[in-house]
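For reference, the structure is listed below as structure tokens.
Where a number appears in this text, it was derived from the coordinates with a stated rule and is not lab data. All values reported here derive from a predicted model rather than from experimental measurement. When we count neighbours, we look across all protein chains shown, and the Cβ atoms used for this are built from the backbone with ideal geometry, even at glycine.
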Amino acid sequence: MTPRKICVVVTARPSYSRVKSALTSIKNHPELELQLVIAGSALLGRYGNAVDFIEKDGFEIAEKVFMILEGENPTAMAKTTGLGVIELSNVFHKLQPTAVITIADRFETIATSIAASYQNIPLVHLQGGEVTGNIDEKVRHANTKLADIHLVASKDAKNRVLKMGENPAKVFNTGCPSIDLAKEIQDSPALDFDPIAKYGGVGTDIDWKSGYIVVMQHPVTTEYPSARKDVEETLKAIHELNIPTFWFWPNVDAGSDGTSSGIRSFRETQQPENIHFFKNMEPNDFLRLLKNSQCLVGNSSVGIRECAFLGVPVVNIGTRQHGRHRGNNVTDVIYDKNQIIAAIQERIKNTTIIPENIYGAGDSGKKIATVLAETELTFHKTIVY
């Protein structure tokens, strides 16, 4: 039997960790053939060259799609998406995949969905049915309505997709593939590398071995004019706490220029001796860093997903993860220096955090490959109610 050609489009740094174990399972499945397309900010050096880590992990890349336009504002996001539709349409026409996978809810993922569905290629959507607000919310649910098969990460998410009128026979709770990576770290948690020696970065050579926190803060696309002011509150809080900190660069979104310029300005004027900055890390190294940290601070979904599984304390700032199902590891605050400081201190002292399997038990990749190999692939659908 001819293997099904499964084309997976990775458009950004976080999307790789969201799908890495599924890529491995697809690649190793005898009835599937992996076609990997890397696009968007995953190809760009200023966002951490995720493509380098992907190739280092042994994945063969079928196509690379350069589609990010400068500006980091809503208009640039819309134009980037349009360019993505044009370029990915050509890629799919060339590769002739049996099915295409689009991942989660980043703004550019809708380009994958449009380019595939308009060419009558069965579309598979990972991690639909979740709630966050901002532009991600609209994109996620639009992807769901364009998709033919839904591989969701939680029971709540499955129920929401079903309420959107999707066929129950095409909705599968596989869990999130990123939890597969977290399970590997949970089983072998030791921090077996020096982050600064391995990844360089910029800033002071901090004394992290005595305890550290991690910060990952992105702009909120519907609140992008306040991105710089928001990150300045976090910077002031971390500086005042004077705890060794590893700080990661933001994603490419409307407002990321404000976040980035706020970080650069603070670094130059305040010269904080307790903060070291990175652009990116290999997914497993990043999770190992988190597992051994005292706390994660910011607004990344890794705090909601992987950190819940690993039992890592999290201070979630602002509205970016609003409505997303979270565990007992998370406390929520607004962009206020004093609130952030108090929450970090409380999370570090908290000894009652229990790991939770909200987004899977660590076997998502294999489940996804099985669904892709065995489920009927169609591109016609109607609302079922």
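Centre-to-centre separation between the Cα atoms of the stretch 366-384 and those of the stretch 340-354: 42 Å.
In the stretch 1-66, Cα pairs under 8 Å separated by at least six residues give a relative contact order of 36 percent. Once the C-beta distance of residue 345 and residue 229 is scaled by a Förster radius of 25 Å, the resulting FRET efficiency is 0.60 to the nearest 0.05.
The listed peptides 141-150, 122-131, ordered by packing as a protection proxy, come out as 122-131, 141-150 (highest mean of other Cβ atoms within 10 Å first). Between the stretch 78-146 and the stretch 233-263, how far is it from one alpha carbon centroid to the other, in angstrom? Here the two parts' Cα centres lie 30 Å apart.
When the charge dipole of the chain is built from unit charges on Cβ atoms (+1 for Lys and Arg, -1 for Asp and Glu) and taken about the Cα centre, the candidate among 287, 43, 175 whose Cα reaches farthest toward its positive end is 175.
As a ratio to 2.2 N^0.38 Å, the alpha-carbon radius of gyration for the stretch 296-384 is 1.47. For residue 247, the amide hydrogen comes within under 5 Å of the amide hydrogens of 215, 276, 277, 278, counting only partners 5 or more places away or on other chains and with H modelled in the peptide plane. Counted over the chain, the DSSP beta bridges are approximately 5% antiparallel. Every Cα-Cα pair of the stretch 184-349 was included, and the share exceeding 30 Å stands at 8 percent. Here's how it looks for residue 5: its modeled amide H is under 5 Å from those of 33, 98, 99, which are all 5 or more places away or on a different chain.
Modelled this way, with points 7 Å down the Cα-to-C-beta line, the labels at residue 338 and residue 138 are 3.7 nm from one another. Placing a pseudo-label 7 Å from each Cα along the Cα-to-Cβ vector at residue 120 and residue 167 gives an inter-label distance of 1.6 nm. Working note: Karplus 6.51/-1.76/1.60 with θ = phi - 60° gives the stretch 268-278 the couplings 6, 8, 9, 6, x, 8, 10, 10, 10, 10, 10 Hz, where Gly and Pro are set to x. Here each label is just a point 7 Å from Cα along the line to Cβ, and for residue 384 and residue 357 those points are 2.5 nm apart. Per residue of the chain, the DSSP helices (runs of n ≥ 4 H) give a summed -39500 (n - 2.57) that works out to -12500 deg cm²/dmol at 222 nm. If both residues of a DSSP beta bridge must be in the stretch 184-349, then about 10% of such bridges are antiparallel. Structure note, pairs 27/64; 163/381; 56/158; 209/279; 56/94; 183/366: Cα-Cα distances above 23 angstrom occur for 56/158; 56/94.
Averaging the sequence gap over all C-alpha pairs within less than 8 Å and six or more residues apart, then dividing by the number of residues, gives the chain a relative contact order of 19 percent.
Within the stretch 53-156, all pairs of alpha-carbon atoms sorted by distance into 5 Å bins from zero give the percentages 2, 13, 20, 22, 21, 15, 7, 0. Sequence gap at least 6, Cα distance under 8 Å: using those rules, report the relative contact order of the stretch 184-349 to the nearest whole percent. Relative contact order comes out at 26 percent.
For the Cα trace of the chain, dividing Rg by the Kirkwood Rh returns an Rg/Rh value of 0.95.
Here the 3J(HN,Hα) profile of the stretch 222-227, calculated from phi with Karplus coefficients 6.51, -1.76 and 1.60 at θ = phi - 60°, is 8, 10, 4, x, 9, 4 Hz, Gly and Pro shown as x. Less than 5 angstrom separates the built amide H of residue 65 from those of 38, 39, 40, all sequence-distant by 5 or more or on a different chain. Taking other Cβ atoms within 10 Å as a rough exposure proxy, 199, 118 sort from fewest to most as 118, 199.
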